[in-house]
Structures are given as structure tokens and as C-alpha cells.
Amino acid sequence: MYCHRQHLYRLYNSNNRFPIITHLHKDSMSASVAVYRNIYSEDRFKQAYGSDDDTSGSLRLREKLAERCRCSKRACFHLLKERVPIFSWLPRYRLKKWILGDTIAGLTVGILHIPQGMAFALLTSVAPIFGLYTSFFPVVLYMFFGTGRHVSTGTFAVVSLMTGSVVEQLVPTPLEMNSSSPEMAEFEGQRIGVASAVALLSGIIMLCMCGLQLGFLSTYLSEPIVKAFTSAAAFHVTISQLQSMLGLRLPRHTGTFSLFKTLASVMENLPHTNMAELLISLVCLAVLVPVKEINMRYRHRLRTPIPIEILTVIIATGVAYASSLDSSYNIEIVGHIPAGFPKPQMPAFHTFPDIAGDTIAITFVGYAVSVSLAMIYADKHGYSIHPNQELLAHGISNTVSSFFTCFPSSATLATTNILESAGGYTQLSGLFTSLVVLIVLLLIGPLFHFLPKAVLACINVTSLRQMFLQFQDLPELWRISKIDFMVWVVTWLSVVILNVDLGLAIGVVFSMMTVICRTQRAGCSVLGRASNTEIYRPLENHSKCYEVPGVKILTYNGPIYYGNRSFFREEMSRLLGLTPEKIRSREKARKALEKRERETTVNTVERGIANTSFSSEHEFFKSETSESDVQAVLIDCSSVIFVDVAGARLFTQMCTECQKAGVHVYLANCNESVLKILTSSGLMNFMNPQHIFVTVHDAVMYIQQQKEKPSENSTTVWV
């Protein structure tokens, strides 16, 4: 039935009912809606709709604990499928539909892993063969334990760069050493021992985090931080590869300002550039950059991307071998690559105290990048990943592979993107990826003996294309959130100017400080009512809304805790206009009026005359305050997500001060945790429990009803 809003909206004083009305015109194909219900305080609402059983929460907790502790075949099988996901997805594998896509994608990524694995080994300051090992073992292990169907694990430039910094600090590169000498083999063993120790400690940290259910910690590395960090780290990678591209034999700089130290060292030694290696680098870049651009632009048309990296490696190796470039032009080559499976080897446990700090940063970066990539493609393809299970998967991958001379691994940007675009469906693609790498390890590896290191350096630089392109996100980030833009810029500058580890820490701290500052300076607004509705909006943004006479409705858009209690108090005092002087004057006037009322009551009783001119507190407000004065303050707590002890005490102080000034205090929209803390702190000793309402409109209707029923106000406890 269609009705006019002004006819529907009326207050039923007799039974405490009021209408909540939403009015739409006929042409919107909807009728006006009028809902009549009781005015609900929190206590009254709990009595009507709350749970009768107070022990239900503890009983449910006991049931959950009993269920988890119960041992049965079904529970064990469920735990096995949860912790080893391959037992969950493999029985449901659609062979005819998915096997072709997984095969093609896996083989494509496997071909890419070979040059990238050897190239990123240079970033880690270890021999290229260890990059191939790291491209094999983590891939197999993640296939069993990972939940990301489109995630490709292995060597990652940023993680390799950070690990290389640790290796260089503990085992610095000697300026003069014969690559074929016995000392060189011992030197390489020391280096991979340190890198394996970093992988082992990183895996242990991830496993401990999984046991403590700390997968949520990756959220502290927000998207602006991760993108700025990886983009800035790409500059470090590029600068670090200049010496290999130019054929310079320079020590690797670590610590703060390492990028500028490396750049200065390269510029200083430019006259010593090996022209043959420079020419090789220029030719490789001239081939790699355009072909990778073609792969990116036409990725939707190409069934698989052109494997330009492996083609470049094969051609460069053949040319170097045929021309004897290593002996004729003194170019640096990869050297001996042993064939076969690596023997298990213990990492350098004695280095744990020295690498602990850097390993924590490496762990967080690797995990954050891995989970971010997994979530991106999970959202795109409509499935979910489990952050704690990802911790377990990468923790096992790093822990086990560290005993096979592998350095830290994680999900990788380039190979993950190729895996998805090549048509991969499930983790089974990792099987075909690992088969390609295994064939190279067992049979083909020694053939790369004459591969110039300058080629691997070029592959490193060109693989960073996606990271450099993240600058394109800055205009949109500025438009959406200037604070996130500042987080991006500060993180990027810190990583570039200072160092990878220190810059990341500064970015995280700065990001958290912005969150703290935003909660400290959350907006406090006065709400007004939209005419003939139950809708209340800030007056500063809605000029046609109006304030309810005598009632100041305030909302605070943030938590109330020790960090912002002073700001909250100042804002409330400013909006209410309750200065200490005004509170004292109104308290003095109220006490004088109460004294007059007592004296009048005594006189009228003695004379037997009834005088009710000041019989209620309602009359006090009408006589001593004008219509424009605040008689009641209503605090909308819908945006107050939590309150600590300091915030709860502040509420008590505000109630006391408002009581002195003769202003009633009401609360509305309190969530359960806030209400529990306020109640436990003793607020109800200073405030009527019936003044806490379910909604703002309930409170407003109650206040207006009390104004219209002065005879009943004597039974109401006013604060």
C-alpha cells in the first residue's frame, strides 16, 4: 500500500513503538515501507533476542577442543589431506581436461628455470649449479604441500640478492684466485654452506610460524610495501650485475649505501672494461629485451612464450666454445658443472648467530611475495589458499632442500606469470617443471661449461621487467590513497638509498606509523537526521540533515585507546562546548536549584500545599537551559572497534563531567567487546544501563519520548 511519509511517520508514546520508514516513489517499482517496533535498549534487546544459556560459549569451546583431540581414522585422514594437499586435489584431478595444460605450462616453466636458476645463483654469490638444485627440490616439495595451483617456486631475484649479501659478509670474494685451484673449491663450499644455512634457518622460522598459526603476519607487508620493495630491489640487482656485464672483477659491496658504493666502483673501473664481454652483453640485451616484450604483448595469442632465455644460453655457449672466448679474450665463464644428483650436505650451523637477523628479513620477504602471488591467482581463478599451509609448504621446501646445497627459495614473479598464461591448472605442472630441470642436472648440465657469465647477468637484468613497470601504479595509487603513495615512496627510497634489509624495516615501521596516526586522529563528527527518516549522517557532508533539538549526536571513527584518548576528549569537549568553566558554573547552578527545590518541598509539605513547579529534573532543564543548549549527548559507537582500559576510564570521566553540567549521556551501536569492557570498568555506576541503545534512532526516540512525558521522568536515572 502506497502512503505518504508524513502520514506514516508518528510516534506511539503509549506503547513505546515508533516507525522506521523507507520511502520510494512509484516509478522506482517499490512501495513505502513502515516498520513499527519497540524502542530497544541493549538490556531490553538481550532479554527479547539474546541467548538464554550463558554457558553456550564455553560448551562450544569444549566441544571444539574435544573434536580436535579425538583420534579416529576419519580425523587422521582429514588431517593428512589438510597438511598434505596433494591427497586432496590429486584424486579429483580431471585428467583429460587438465593434463595437456599442466604439461605444456610445466615444460615451459622448466625451460625458463634453467637459465634463471644459474643466473640467480650469481646473485647469491654461489656457483650456477646450486641455482639448478634450488630450481628442482623446492618445486617438487611445493607440489606436495602447497595450496597455490598456479604458483611456481624456485629462485627469486630479491631473495637471492638478500642471501648474496649475507654470503658476501661472511665469505667475502678474494680479488685474486684461480678458478681451477683447490682453494676455489673450498671457497665455493664455504659459500654454499652459508647460503644453505640461511635456507635451513628460514625454513625453521616458517615451520615455527606455522605451528603458532602466524600466517597473518604477512599482512604487515602491505601491497605498497611489497611493490616498492621489489621495485627498489630491482635497482640493486641491476647495479650488482653491471660488473659482470662489463667484465670487471670487483668485490661486492654490502651494508648501507651499497648501491652507490657499487656504482662508484664500476664508474671508477670503467677504463678496465672487457670489450668482448661488453659486446656479448649488448648483443644479449638486444635480443632478450625485444623478444620478452613480444612475449608480454602477445601473451594471449601465443600458446607458450618464446623460450628466448634458454635459446640465448645455448647459442652463447656454442659460440663461446667454438671461439674459445675464455682463453682468447679472458671472458669469465660458468666453468665446471657436475652431472648427477647432489649429495646430502650439512649446512654451516655455526653461522646461525651471524645470519639470524638477515634471515628473518629474507623469510618475511619470501613468504610475503609467495602468499601475495598465490592470493592474486587464487582470486583470479576462484579458489582459496591457506596462509598457514603456505608457511608449512615453504618451510618444508627450504628446510629439506637446504641439506641438498640449495639456497632460499620462494614463489617467483616471472615463472608464476608464465605458468598461468601457458595454461597451467594445478600443482601437477610442478612435476613436469622438475623433470626438465632433472634432465639438465643428470645429462645436459656439463655442456654449459663455456657459458659466459655476462649472459647470465643479462638474463638477471631482463627478468626484472615486471618490477620496474610497477612505477606505472604510482599515479593510480596517488589518486586512491595519498598515504599509501607515501608508504610506497618512503619504502622505495629507503631500500635504494640505504640497503635492502634496512629499507624494508623502515618501510614496515613507516606503514605501521601511518596506521597509528590515522587511529590517533580519527574524525569526530556531529550527526544530523535526514528529515522523516531514521538515517543519521555527518552534518559537515550533508547540509540538509538537521540536529535533533537539545541532543548532540556524536560519532568517532576509530578505536578509543591510550594513544588517542586525549584527542578524543578534546574533540568531544569542543563539539559539546563543555569547558571546565562552563561545567563548574552549570554545576553550581544545578546545586543551587536543588537546594531551592528541597526548601520549597519542605515549605509546601508544612503548609499542606502541593507545588510541583520543580518536581522533576525535566523541569530543571526547561527552566535553566534554552532550546539551543545541549541537554543530552548521544555517542554513536558503531565505528568504535575497540576500547582499552584508558578509553573506558575516559568514558567514566566524561559521564561524571556531563553529570556535573546536567547533560545526559547515551550510547548506541556498541559492539559486544566494547560494551563488555565499558561494563567491566564500572561505567554503569555512573550511567543508567537503560541509556545504552541498539541504534541511534532508538536513543533519539527515547529522549524525545521522555521530554513529552515529564511525569515519568522522576523514575529515570539521569547521568
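Within region 507-523, is there a residue that is of a type outside the set (A, V, I, L, M, F, W, C), at pLDDT below 90, part of a loop (DSSP other than H, G, I, E, B) and crowded, with 20+ Cβ neighbours inside 10 Å? Before the answer, list the steps.
Applying the first criterion (of a type outside the set (A, V, I, L, M, F, W, C)) to region 507-523 yields 507, 511, 514, 518-521, 523.
Checking which are at pLDDT below 90 leaves us with 518-521, 523.
From what is left, the residues that are part of a loop (DSSP other than H, G, I, E, B) are 521, 523.
Those left that are additionally crowded, with 20+ Cβ neighbours inside 10 Å: none.
Scanning region 507-523, I find no residue that is of a type outside the set (A, V, I, L, M, F, W, C), at pLDDT below 90, part of a loop (DSSP other than H, G, I, E, B) and crowded, with 20+ Cβ neighbours inside 10 Å, so the answer is no.
Given the conditions (1) touching a Gly at 6+ places or on another chain (Cβ under 6 Å); (2) at pLDDT 95 or above, which single one is not true for residue 410?
Of the numbered conditions (1) touching a Gly at 6+ places or on another chain (Cβ under 6 Å); (2) at pLDDT 95 or above, the odd one out for residue 410 is (2).
Tell me, which residue of region 491-506 that is in contact (Cβ under 8 Å) with a residue 60 or more places away in the chain and of a type in the set (Val, Ile, Thr) is surrounded by the fewest Cβ atoms within 10 Å (Cβ to Cβ)?
This residue is 497.
Determine the pairs where a residue that is hydroxyl-bearing (Ser, Thr, Tyr), located within region 324-348, has a partner that is part of a loop (DSSP other than H, G, I, E, B) with Cβ atoms under 9 Å apart, the partner being 6 or more residues away or on another chain.
329/247; 329/274
Anything in region 550-568 that is closer than 17 Å to residue 630 by Cα and of a type outside the set (A, V, I, L, M, F, W, C)? List them, or say none. If you could, list the steps in order and put the result at the bottom.
Looking only at region 550-568, we keep the residues that are closer than 17 Å to residue 630 by Cα, and these are 550-555.
If the condition is that a residue be closer than 17 Å to residue 630 by Cα and of a type outside the set (A, V, I, L, M, F, W, C), then 550, 552, 555 are the ones that fit.
Would you pick out the residues in region 645-698 that are of a type outside the set (S, T, N, Q), over 26 Å from residue 548 (Cα atoms) and open to solvent by 40 Å² or more (accessible area, probe 1.4 Å)?
Result: 645, 649, 672, 676, 677.
Mind telling me which of the residues 469, 431 ends up being under 25 Å from the mean Cα position of the chain (by Cα) and either assigned to a helix (DSSP H, G or I) or surrounded by fewer than 19 Cβ atoms within 10 Å (Cβ to Cβ) (or both)?
469
I'd like the full set of residues that are among the small types (Gly, Ala, Ser) and closer than 18 Å to residue 574 by Cα, limited to region 648-676.
Hits for region 648-676 are 661, 662.
Hey, can you tell me all the residues within region 241-257 that are open to solvent by less than 60 Å² (accessible area, probe 1.4 Å) and under 24 Å from residue 463 (Cβ atoms)?
Listed by number, the residues that qualify are 241, 242, 243, 244, 245, 246, 247, 248, 250, 252, 254.
For region 183-211, which positions are within 18 Å of the chain's Cα centre (by Cα) and either open to solvent by 40 Å² or more (accessible area, probe 1.4 Å) or within 19 Å of residue 357 (Cβ to Cβ) (or both)? Please lay out each step first, then the result.
At the first step, the residues of region 183-211 found to be within 18 Å of the chain's Cα centre (by Cα) are 206, 209-210.
206, 209, listed by residue number.
For region 472-501, what are the residues that are assigned to a helix (DSSP H, G or I) and either at pLDDT below 90 or at positive phi (or both)?
First pass over region 472-501, keeping only residues assigned to a helix (DSSP H, G or I): 472-480, 482-497, 500-501.
Within region 472-501, 472, 473, 500, 501 qualify.
Specify which of the listed residues (582, 544) is surrounded by fewer than 17 Cβ atoms within 10 Å (Cβ to Cβ) and under 24 Å from residue 702 (Cα atoms). It would help to see each step written out before you state the result.
Details: 582 fails: under 24 Å from residue 702 (Cα atoms).
Going through 582, 544 in turn, the sole match is 544.
Condition first: open to solvent by 50 Å² or more (accessible area, probe 1.4 Å) and either modelled with pLDDT of 95 or more or under 13 Å from residue 242 (Cα atoms) (or both). Now tell me which residues in region 258-271 satisfy that.
Initial filter on region 258-271 (open to solvent by 50 Å² or more (accessible area, probe 1.4 Å)): 260-261, 263-264, 267-268, 270-271.
Hits for region 258-271 are 260, 261, 263, 264, 267, 268, 270.
Run down 279, 325, 214 and say which single residue is open to solvent by 50 Å² or more (accessible area, probe 1.4 Å) and either aliphatic (A, V, I, L, M) or in contact with a Pro (Cβ under 6 Å, 6 or more places away or on another chain) (or both). Quick ask: steps written out before the conclusion?
On the way: 325 fails: open to solvent by 50 Å² or more (accessible area, probe 1.4 Å); 214 fails: open to solvent by 50 Å² or more (accessible area, probe 1.4 Å).
So the residue among 279, 325, 214 that is open to solvent by 50 Å² or more (accessible area, probe 1.4 Å) and either aliphatic (A, V, I, L, M) or in contact with a Pro (Cβ under 6 Å, 6 or more places away or on another chain) (or both) is 279.
Which one is nearest to residue 425 (Cα to Cα), of the residues in region 150-161 that are surrounded by 24 or more Cβ atoms within 10 Å (Cβ to Cβ) and either modelled with pLDDT of 95 or more or not small (Gly, Ala, Ser) (or both)? Talk me through it step by step, then tell me what you get.
As a first pass, look at region 150-161 and keep what is surrounded by 24 or more Cβ atoms within 10 Å (Cβ to Cβ): 150-160.
When the remaining residues are screened for being either modelled with pLDDT of 95 or more or not small (Gly, Ala, Ser) (or both), the result is 150-151, 153, 155-156, 158-159.
On the way: 150: 7, 151: 10, 153: 15, 155: 22, 156: 22, 158: 27, 159: 26 Å.
Once the filter is applied, the top-ranked residue is 150.
Which one of the conditions (1) more than 22 Å from residue 508 (Cβ to Cβ); (2) touching a residue at least 12 places away in the same chain (Cβ under 8 Å); (3) open to solvent by 20 Å² or more (accessible area, probe 1.4 Å) does residue 364 fail to meet, given that it meets all the rest?
(1)
Out of everything in region 547-572 that is open to solvent by 40 Å² or more (accessible area, probe 1.4 Å) and closer than 21 Å to residue 528 by Cβ, what residue ends up being nearest to the chain's Cα centre (by Cα)?
Step one: of region 547-572, the residues open to solvent by 40 Å² or more (accessible area, probe 1.4 Å) are 547, 549, 557, 562, 565-566, 569-570.
Filter again for closer than 21 Å to residue 528 by Cβ, leaving 547, 549, 557.
Details: 547: 39, 549: 44, 557: 21 Å.
The qualifying residue nearest to the chain's Cα centre (by Cα) is 557.
Just checking, does region 300-319 include any residue being under 31 Å from the mean Cα position of the chain (by Cα), surrounded by fewer than 19 Cβ atoms within 10 Å (Cβ to Cβ) and more than 28 Å from residue 169 (Cβ to Cβ)?
Step one: filter region 300-319 for residues under 31 Å from the mean Cα position of the chain (by Cα), giving 300.
From the residues that got through so far, the ones that are surrounded by fewer than 19 Cβ atoms within 10 Å (Cβ to Cβ) too are 300.
Narrowing the set further to residues that are more than 28 Å from residue 169 (Cβ to Cβ) leaves 300.
Checking region 300-319: at least one residue is under 31 Å from the mean Cα position of the chain (by Cα), surrounded by fewer than 19 Cβ atoms within 10 Å (Cβ to Cβ) and more than 28 Å from residue 169 (Cβ to Cβ).
Out of the residues in region 356-373 meeting the condition of being under 14 Å from the mean Cα position of the chain (by Cα) and of a type outside the set (Ser, Thr, Tyr), tell me which one is nearest to residue 152 (Cα to Cα).
Start the filter on region 356-373 by keeping residues that are under 14 Å from the mean Cα position of the chain (by Cα), which leaves 364-365, 367-373.
Still in the running and of a type outside the set (Ser, Thr, Tyr): 364-365, 368-369, 371, 373.
Values: 364: 18, 365: 16, 368: 14, 369: 12, 371: 12, 373: 9 Å.
Residue satisfying both the conditions and the ranking: 373.
Among helices (runs of 4 or more DSSP H) lying entirely in region 47-146, which contain 3 or more residues that are aliphatic (A, V, I, L, M), at pLDDT 85 or above and touching a helix residue (DSSP H, G or I) at 6+ places or on another chain (Cβ under 7 Å)? Show your work before the answer.
On the way: elements: 56-69, 73-83, 86-89, 95-123, 128-134, 137-145.
In region 47-146, 95-123, 137-145 are the helices (runs of 4 or more DSSP H) which contain 3 or more residues that are aliphatic (A, V, I, L, M), at pLDDT 85 or above and touching a helix residue (DSSP H, G or I) at 6+ places or on another chain (Cβ under 7 Å).
Residue 356 versus (1) closer than 30 Å to residue 103 by Cβ; (2) open to solvent by less than 80 Å² (accessible area, probe 1.4 Å): which is the lone unmet condition?
Among (1) closer than 30 Å to residue 103 by Cβ; (2) open to solvent by less than 80 Å² (accessible area, probe 1.4 Å), residue 356 violates only (1).
Residues that are at negative phi and out of contact with any Pro (no Cβ under 9 Å at 6 or more places or on another chain): does region 331-340 have at least one?
Within region 331-340, none of the residues are at negative phi and out of contact with any Pro (no Cβ under 9 Å at 6 or more places or on another chain).
The values are calculated or read from the model by the stated rules, or taken from the named source; none is laboratory data. A quick note: this is a predicted structure, and the numbers were derived from the prediction, not measured. Backbone-built Cβ (ideal geometry, glycine too); neighbour counts: all protein chains shown. Calculation scope for accessible area: heavy atoms of the full protein, side chains included, ligands and nucleic acids excluded. Shrake-Rupley method; radii C 1.70, N 1.55, O 1.52, S 1.80 Å.
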